[in-house]
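**Q** Below is a structure I'd like to ask you about.
The values are calculated or read from the model by the stated rules, or taken from the named source; none is laboratory data. Source: prediction; values computed, not measured. All Cβ positions, even for glycine, are placed from backbone atoms using ideal geometry, and neighbour counts span all protein chains on display.
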Amino acid sequence: MRLKRSRVKQFCHRAAVPKKDPEGSSYVEYAPAGTFRAEEWPGGGKLQAERYGQRLSNIRNLRIDGRYREISDSGKVCYQIEGGPMISADDGICFNVPGSQEPDYRIVAIYPYRFLTLEVEKL
């Protein structure tokens, strides 16, 4: 199985870094952007409709070409893409904005199939 070339695009990945302000409230900052290429299509189907309901229109799917390896780091599972970024849940993805700005999607699910498959939701 190959990726459909007409749907392959360049995306920016920004790792989520949890921080705390002086008052003790937590918030998320995003690390500098790294780029990767992936096939992208809108969310749909019975399973995603049951899982996301009304939010389904905000869901997109990404399928990343290339080898990857799973890394368990302090209880959090990450996926290192060969020649690309290290991806984990809650990281940011920039679809329509340059990597220097805040991401417009966040990763909600990662599926380690033959191709690393991501479900992302609009922020």
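**Q** Restricting the first residue to segment 96-113 and requiring it to be more than 16 Å from Gln48 (Cβ to Cβ) and modelled with pLDDT of 80 or more, which pairs with a second residue that is outside any loop (DSSP other than H, G, I, E, B) and hydroxyl-bearing (Ser, Thr, Tyr) meet a Cβ separation below 7 Å and a spacing of at least six or different chains?
**A** Glu102/Tyr30; Pro103/Tyr30; Pro112/Tyr79
**Q** Consider segment 26-84. How many of its residues are surrounded by 15 or more Cβ atoms within 10 Å (Cβ to Cβ), outside any strand (DSSP E or B) and of a type in the set (Lys, Arg)?
**A** Counting residues in segment 26-84 that are surrounded by 15 or more Cβ atoms within 10 Å (Cβ to Cβ), outside any strand (DSSP E or B) and of a type in the set (Lys, Arg) gives 1.
**Q** What number goes with the only condition from (1) out of contact with any Cys (no Cβ under 9 Å at 6 or more places or on another chain); (2) buried (at least 17 other Cβ atoms within 10 Å of the Cβ) that Asp90 does not pass?
**A** (2)
**Q** As an exercise: evaluate Tyr27 against (1) closer than 19 Å to Ala109 by Cβ; (2) without any contact (Cβ under 8 Å) to a residue 12 or more places away in the chain and give the number of the one condition it does not meet.
**A** With respect to (1) closer than 19 Å to Ala109 by Cβ; (2) without any contact (Cβ under 8 Å) to a residue 12 or more places away in the chain, Tyr27 is out only on (1).
**Q** What are the residue pairs meeting all of these: first residue in segment 1-18, first residue outside any strand (DSSP E or B), second residue of a type in the set (Phe, Trp, Tyr), Cβ atoms under 8 Å, and 6 or more apart or on different chains?
**A** As it stands, the answer is Met1/Phe115; Leu3/Phe115; Arg7/Trp41; Ala15/Tyr30, since those pairs meet every condition given.
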